[in-house]
Amino acid sequence: MKLTVLSQYGKGLVQCEAVLGAAIGEQTERLQWSLWHGQVDKALDTIDDLESSIAPFSETYARYAGLVKALAELRTYIVNNRHLIPHDGERYRKGEAIATGFVASTVHEVVHKRFCKKQQR
């Protein structure tokens, strides 16, 4: 989800400055690839590169502060969960599960049934 947010910011940057915005979009894709392949250190290096790349937009991009915050939150998430970030590409090739959406859906369903008001009949 955090990468989706970064992608949206990248689209906004393209509107502001096409060439530099496109380069930042490529860095975001590289970040996603690194995380998909469990390369946490490479992902953190890419975040460093992104932070440097967006610096010229500090005065011209209206959502600059939000972008900086999103990058910082992503960095914190990766650092705090680096031991849990799997190599999804490898897992995919082995036929193993690569998403946890089904887990979140199950938890949501259980919580909903347990804590929501009586269901309408």
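The values are calculated or read from the model by the stated rules, or taken from the named source; none is laboratory data. Computed from a predicted structure; not experimentally measured. With ideal geometry, Cβ positions are generated from the backbone for all residues, glycine too; neighbour counts draw on all protein chains shown.
Right, residue 106: hydroxyl-bearing (Ser, Thr, Tyr), modelled with pLDDT under 70 and assigned to a helix (DSSP H, G or I) or not? Don't jump to the end; show me each part of the working.
Values: hydroxyl-bearing (Ser, Thr, Tyr): yes; modelled with pLDDT under 70: yes; assigned to a helix (DSSP H, G or I): yes.
In short, yes.
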Hey, among 38, 95, which residue is surrounded by 14 or more Cβ atoms within 10 Å (Cβ to Cβ), at pLDDT 80 or above and not in a helix (DSSP H, G or I)?
38
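When you go through 46, 60, 28 one by one, which is the residue that is in contact with a Ser or Thr (Cβ under 9 Å, 6 or more places away or on another chain), of a type in the set (S, T, N, Q) and in contact (Cβ under 8 Å) with a residue 24 or more places away in the chain?
Just a single option satisfies the conditions, and that option is 28.
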